[in-house]
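**Q** This is the structure, below, for whatever I ask next.
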Amino acid sequence: MKVSGFTFARNAERLGYPLVPAIRSVLPLVDEMVVNVGASDDRTLAMVKAIGDPKLLIFESVWDEGSLERGHVLAEQTDLALARCGGDVCLYVQADEAVHEDDHPRIREALARMHEDPGIEGLLFDYVHFYGSYHTVGVARRWYRREIRAVKNGIGVRSWKDAQGFRVWAPPPGWEGERPRSLKPGDPARKLRVSHSGAHMYHYGWVRPPEAQGAKLAEMARLYAGEEGRARQLERDFTYDVGEKVRRFAGTHPGPMRPFVDGADWEFRARTKVLRLSHLREDLLDAFEAATGVRIGEYKNYEWVR
């Protein structure tokens, strides 16, 4: 079994993405690591090259500024990296994610199980979403609980919508339409049949100094709504929401992320309540989930078969 890792990034240094730790966190698990580096105005490419691992397969791309709508360009860049993977199975990590070395044995075992089982096309990872600091984790229902981060190669897997997950490109017999550059609702695609990896994905998309987080959110807004979206985001003068529902993180961070954690130079002190009048519906649903383990209306972009 050959394992490919893949990721993509642009302006990772300027926007505070922990791209190098993300890559390092999966390198021990893969035979090759495909990294799609978009044309950047910072040292992103140099940072990736400086990793110096012979497993790295780096290529450069130019993002299509005409695809700055609903994050489609993110799916396009994911697909460019996936298309260059030569492995039997492919492990995906985004530029603000990392896996923990304690989970490596479980991930290896799950990848082998997926490779051998014709009924399994992808693997789910449970998510740990950090918010505000490296010591607080988001717990409200708006944080997705799990997502696909490993897939079988050669079965038509494509990135879905804005690159959160994946689907299989499956046009019906006789279909004459063109294959889209990125999959979106309405396209002939089906959900992957998945199993659970038994592992976690640590997500650091909401952990930066507040000024850097504001700049990152403005750039993301541009990818969804163009320059108008970016301008609207910048007008909001970002600060972390002290009312965000979080819990104290009791575990340890993946090894490659620890220099980021040690270098944190800002404070976030949440003042959370069990019930918030401005988010009453969400809080009541959270309370129901805490009591029953059931998340009502959960989005599942997969078919969990075993």
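The values are calculated or read from the model by the stated rules, or taken from the named source; none is laboratory data. If you're wondering where the values come from, they're calculated on a predicted model, not measured in any experiment. Cβ sites come from the backbone with ideal geometry, for glycine too, and all protein chains shown count toward neighbours. Note: accessible area is taken over every heavy atom of the protein model, side chains too, but ligands, DNA and RNA are not part of it. Shrake-Rupley method; radii C 1.70, N 1.55, O 1.52, S 1.80 Å.
**Q** Of VAL157, TRP63, PRO21, which is farthest along the charge dipole of the chain in the positive direction, counting Lys and Arg as +1 and Asp and Glu as -1 at C-beta?
**A** VAL157
**Q** Right, here's the next one. Out of the total accessible area of the range 1-58 (probe 1.4 Å, heavy atoms of protein only), what percent is carbon and sulfur?
**A** With neighbouring chains kept in place, the figure for the range 1-58 is 52 percent.
**Q** Now a separate question. Based on DSSP, what percent of beta bridges with both residues in the chain are antiparallel, to the nearest 5?
**A** 45 percent
**Q** Let me ask something additional. Using 7 Å Cα-to-Cβ label points, what is the GLU211/ASP64 separation (nm, one decimal)?
**A** 3.7 nm
**Q** Sequence-distant or interchain residues sharing an amide H contact under 5 Å with GLU97, placed H: which?
**A** TYR204
**Q** Then there is this: Would you mind checking which residues have amide H under 5 Å from ALA150's amide H? H placed 1.01 Å from N; only 5 or more apart, or other chain.
**A** TYR92, LEU123
**Q** ³J(HN,Hα) across the range 78-91 via Karplus (A = 6.51, B = -1.76, C = 1.60, θ = phi - 60°), whole Hz, x for Gly/Pro?
**A** Listing the rounded values in order: 4, 5, 4, 5, 4, 5, 8, 6, x, x, 6, 10, 10, 10 Hz.
**Q** What are the semi-axes of the equivalent ellipsoid for the chain, taken as the square roots of 5 times the Cα gyration tensor eigenvalues, largest first, in whole Å?
**A** 29, 24, 22
**Q** Mind checking which aspartates and glutamates have their C-alpha under 12 Å from LYS300, skipping anything on the same chain fewer than 8 residues away?
**A** Counting by Cα, and skipping residues close in sequence, LYS300 has these aspartates and glutamates nearby: GLU147.
**Q** Taking the DSSP beta bridges in the range 153-306 as the whole, what percent of them are antiparallel, to the nearest 5?
**A** In the range 153-306, DSSP labels about 70 percent of beta bridges as antiparallel.
**Q** Rounded to the nearest 10 Å², what accessible area does GLU228 show when all protein chains are kept and the probe is 1.4 Å?
**A** Approximately 130 Å² for this residue.
**Q** Still on this structure, I have one more. Grab the DSSP H runs of the chain that are 4 residues or longer, score each as -39,500 (n - 2.57), total them, divide by all residues and round the 222 nm result to the nearest 500 deg cm²/dmol.
**A** Result for the chain: -8500 deg cm²/dmol, rounded to the nearest 500.
**Q** At 1.4 Å probe size, with the rest of the protein present, what percent of the exposed accessible area of the range 97-249 is carbon and sulfur atoms?
**A** Reported share for carbon and sulfur atoms: 48 percent.
**Q** Taking θ = phi - 60°, what integer Hz values does the Karplus form 6.51 cos²θ - 1.76 cosθ + 1.60 yield along the range 163-168, in sequence order, with x for Gly and Pro?
**A** For the range 163-168, the Karplus curve yields 6, 6, x, 9, 9, 9 Hz.
**Q** Let a ≥ b ≥ c be the square roots of the eigenvalues of the Cα gyration tensor of the range 1-87; is it rounded (a/c under 1.5), or, if not, prolate (a/b larger than b/c) or oblate?
**A** Because a/c hits 1.5 or more and a/b fails to exceed b/c, the range 1-87 counts as oblate.
**Q** Moving to a separate point now. What percent antiparallel are the DSSP beta bridges of the range 1-157, to the nearest 5?
**A** DSSP beta bridges in the range 1-157 are roughly 35 percent antiparallel.
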